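Here the structure is laid out as structure tokens; the discussion comes afterwards.
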Amino acid sequence: MNATSKALRKDVPENIIRVLIADDHVAVREGLVAMIGRQPDMMVTGEAANGADAVDLWRKQSPDVTLLDLRMPLLDGADAIGKICHQDESARIVVLTTFDTDTDVSKAIKAGARGYLLKDAPLEELLECIRRVHAGETFIPSPLVAKLTEGLRNDPLTARELDVLALLARGRSNKEIGANLFICETTVKAHLRNIFTKLNVLSRTEAIAVANRRGLVEL
């Protein structure tokens, strides 16, 4: 076991929910270990500081529930979820993160997450989420369900449109976008028209703002 992951006690009674925690912030992991450790029906059996270690620990331990952040080194949360669920479609994974855009929520659920919570959620809600996901239910708070619904309703951008949008967010002109993507300015303008229509915006500035809010670009 390397320095960025830690396996804890494995011999756990059957009535105890075995929880794996994956987060690259030490303080977050320590806080979760302390809170979960005080519950009579739960025990943290492993900690990982990146997505790759999370997948490795999951393979070794097959925990009952995995709490996993979305943005982590080496392998992000959605990819880690995908790798775990590829091995076991019934894996019970809860995303615990600070990111709540419709794109983030949709990507995690599509990857196989059974629950999605923000890190500022009350402890009681987190514990309820763990117990309900362990019981085979799905747990997503109403405000995030609304964002998920909104994301599914929106017309998705193509890979090329996302490329154009990313360069737009970096302040590139149409000419510069074309040069970067090896396409002509006319094609760039056509992509921008499609982007504006799909995002329901009228300007480049508004497109960047909406895309950032939905998690399509990072500023």
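The values are calculated or read from the model by the stated rules, or taken from the named source; none is laboratory data. Since the model is a prediction, treat every value here as computed from it, not as a measurement. All Cβ positions, glycine included, derive from the backbone under ideal geometry; neighbour counts span all protein chains shown.
Residue-by-condition table, conditions (1) over 24 Å from V105 (Cα atoms); (2) buried (at least 17 other Cβ atoms within 10 Å of the Cβ); (3) in the same structural domain as D64 (by TED's automatic domain parsing); (4) in contact (Cβ under 8 Å) with a residue 12 or more places away in the chain:
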residue: V133; (1), (2), (3), (4): no, yes, yes, yes
residue: D163; (1), (2), (3), (4): no, no, no, yes
residue: N174; (1), (2), (3), (4): yes, yes, no, yes
residue: N180; (1), (2), (3), (4): yes, no, no, yes
residue: L192; (1), (2), (3), (4): yes, yes, no, yes
residue: L199; (1), (2), (3), (4): no, yes, no, yes
residue: A209; (1), (2), (3), (4): no, no, no, no
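Between L96, L126, L118, L152, the distinction of being surrounded by 16 or more Cβ atoms within 10 Å (Cβ to Cβ) and at pLDDT below 95 belongs to L118 only.
Within segment 58-83, the residues that satisfy the criterion of being more than 22 Å from N15 (Cβ to Cβ) and either surrounded by 23 or more Cβ atoms within 10 Å (Cβ to Cβ) or of a type in the set (F, W, Y) (or both) are L68, D69, L70, M72, G77, A80, I81. Being in contact (Cβ under 8 Å) with a residue 12 or more places away in the chain and under 25 Å from P143 (Cβ atoms) narrows it down to one of L74, L20, L67, L57, so name that one. From the options L74, L20, L67, L57, the qualifying one is L67. Of all residues in segment 29-44, those satisfying the criterion of being aliphatic (A, V, I, L, M) and either within 20 Å of R92 (Cβ to Cβ) or in contact with a helix residue (DSSP H, G or I) (Cβ under 7 Å, 6 or more places away or on another chain) (or both) are L32, V33, M35, I36, M42, M43, V44.
Of everything in segment 105-124, what is outside any strand (DSSP E or B) and either touching a strand residue (DSSP E or B) at 6+ places or on another chain (Cβ under 7 Å) or of a type in the set (V, I, T) (or both)? Give them in sequence order.
First, the residues of segment 105-124 that are outside any strand (DSSP E or B): 105-114, 119-124.
The answer is V105, A108, I109, G112, A113, R114, K119.
Take the conditions (1) farther than 18 Å from D23 by Cα; (2) in contact with a strand residue (DSSP E or B) (Cβ under 7 Å, 6 or more places away or on another chain); (3) among the polar types (S, T, N, Q); T98 misses just one of them, which is (1). Taking segment 77-114 as the range and being among the β-branched types (V, I, T) and under 15 Å from T138 (Cβ atoms) as the test, the residues that pass are I81, I93, V94, V95, V105, I109.
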